[in-house]
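*Asks:* Here's a structure for you.
Nothing in this text is a laboratory measurement; each read-out follows from the coordinates by a stated rule. Just so we're clear, the structure is a prediction, and the values are computed from it rather than from any experiment. All Cβ positions, even for glycine, are placed from backbone atoms using ideal geometry, and neighbour counts span all protein chains on display.
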Amino acid sequence: MRHFMTLLLGLAAGIAGAQKLPEPIKLGTSLPMAEHLLGDATREDDASATLGSLQKTHGLLVIFTSNSCPFVVGNGDKSEGWEGRYPSIAALARKLDIGVAFVNSNEANRGTTESAEAMRARWKKYKYQAPLLVDDRHQVADAFGARTTPHVFLFDGTGVLVYTGAIDDNVDSAKKVKKNWLLDAMNAVAKGQQVKVPQTKYLGCSIKRVQ
C-alpha cells in the first residue's frame, strides 16, 4: 500500500509539474511581439531583427522551424519534409511583397542540433532566401502559441492573422500536393481578398521548450 501511495503521489507531482503549452493565437489577432529583438542566425556579426521590421506592404509570413525535425528536414526515402519548399515560398513572398521570417524556438536543443551555428549552416545549404531567427527561451513561440515545426502564421498588411496551420497537404512529396493552403492564402492576401481556407491543422514535431 505504501508503495502504491508513493507511486500515486509521484504521478500527481508529475502532472502538476507538467508544462502547460500556450494556445495558438486566433485568427484576427495582431502580430505578437512585433518589436521584440531576435538574433539573426544568418549573420555572423551578432545582428538582430524584429518581426515588425520584416513586415512588408502585403504582410508577414512567420514559419516556426527546426534543424532536425523529420517534418521539416525529411526522413530519407519516406518523406521529403517541407524544408525543400522554403525557397519557393520565400520567392513567392518577395514577388507578392510579403515579408518572411523563419523562427527556431527549440531552446532545449540549443546546445546541439539547434545551435545558431547549425542554423546558419543549414540556412546556407538549403538557401531559405529569408532570415532565420533565434527565439531565445522560446518567448516568441509562446506568444504565438506555436506548437510544432513547422507551424505557419500569415499576417496581412495591417498585421492581422489571416492564415495559420500547415504549409500544404503533403509533407512527403511536393509533387503530390493537392491543396496549397499557404500559397493560396498568400495570393489572396496580396490581392486584398479573403482567405478561403484560413485555418488548417498544424503538423510536425513539438517545439523543444525548456522546463
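*Asks:* What's the center-to-center distance, using Cα atoms, between region 70-147 and region 23-50 in Å?
*Replies:* With region 70-147 and region 23-50 each reduced to a Cα centre, they are spaced 13 Å.
*Asks:* If you don't mind, another one. Restricting the count to DSSP beta bridges whose residues both fall in region 36-206, what percent are antiparallel, rounded to a multiple of 5?
*Replies:* On the way: 16 of 26 bridges.
Approximately 60 percent, going by the DSSP bridge assignments.
*Asks:* Right, next: Could you identify which residue out of 29, 65, 164 has the top mean-square fluctuation in a GNM of the chain using Cα springs shorter than 10 Å?
*Replies:* In this elastic network of the chain, the residue with the biggest mean-square fluctuation among 29, 65, 164 is 29.
*Asks:* Rounded, prolate or oblate for region 31-121? Axes are the square roots of the Cα gyration tensor eigenvalues, ordered a ≥ b ≥ c, and the cut-off for rounded is a/c under 1.5.
*Replies:* Oblate shape, in that a/c is at least 1.5 and b/c is the bigger or equal ratio.
*Asks:* Could you go through region 182-192 in sequence order and give the Karplus-derived ³J(HN,Hα) for each residue, using 6.51 cos²θ - 1.76 cosθ + 1.60 with θ = phi - 60°, rounded to whole Hz, and x for Gly and Pro?
*Replies:* Computed from phi, the couplings for region 182-192 are 5, 4, 4, 5, 4, 5, 5, 4, 5, 8, x Hz.
*Asks:* Can you sort 26, 179 from fewest to most other Cβ atoms within 10 Å of each residue's own Cβ?
*Replies:* If I rank by nearby Cβ atoms, fewest first, I get 26, 179.
*Asks:* To the nearest 10 degrees, how steep is helix 116-126 against the longest Cα principal axis of the chain, on a 0 to 90 scale?
*Replies:* Taking the Cα atoms of the chain, the angle to 116-126 is about 40 degrees.
*Asks:* For the residues 135, 156, what sequence is obtained by ranking on other C-beta atoms within 10 Å, fewest first?
*Replies:* Values: 135 24, 156 21.
The most exposed by this proxy come first: 156, 135.
*Asks:* In what sequence do 69, 205 fall when counting other Cβ within 10 Å, fewest first?
*Replies:* Numbers: 69 24, 205 17.
So the ranking, lowest neighbour count to highest, is 205, 69.
*Asks:* Also: Compute the angle between helix 86-96 and the longest alpha-carbon principal axis of the chain, please, reported from 0 to 90 degrees and rounded to the nearest 10.
*Replies:* 40
*Asks:* In debye, nearest 20, what is the charge dipole magnitude of the chain about its Cα centre with +1 on Lys and Arg Cβ and -1 on Asp and Glu Cβ, if you could check?
*Replies:* Using only the charged Cβ atoms, the result is roughly 600 debye.
*Asks:* What residue among 126, 86, 163 has the largest mean-square fluctuation in a Gaussian network model of the chain, using Cα springs under 10 Å?
*Replies:* Looking only at 126, 86, 163, the largest GNM fluctuation is found for 126.
*Asks:* Compute the distance in nm between two label points, each set 7 Å from the Cα along the Cα-to-Cβ direction, one at residue 30 and one at residue 211.
*Replies:* 3.7
*Asks:* For region 132-171, with the dipole built from +1 on Lys and Arg beta-carbon atoms and -1 on Asp and Glu ones, taken about the Cα centre, which of 143, 154, 132 lies farthest toward the positive end?
*Replies:* 143
*Asks:* Report the residue, chosen from 36, 58, 138, that carries the largest GNM mean-square fluctuation when the chain is represented by alpha-carbon nodes joined by springs under 10 Å.
*Replies:* Among 36, 58, 138, the largest GNM mean-square fluctuation belongs to 36.
*Asks:* I need the P(r) histogram for region 117-175: all alpha carbon pairs, bin width 10 Å from 0 out to the longest distance, whole percents.
*Replies:* Binned Cα distances yield the sequence 17, 40, 39, 5.
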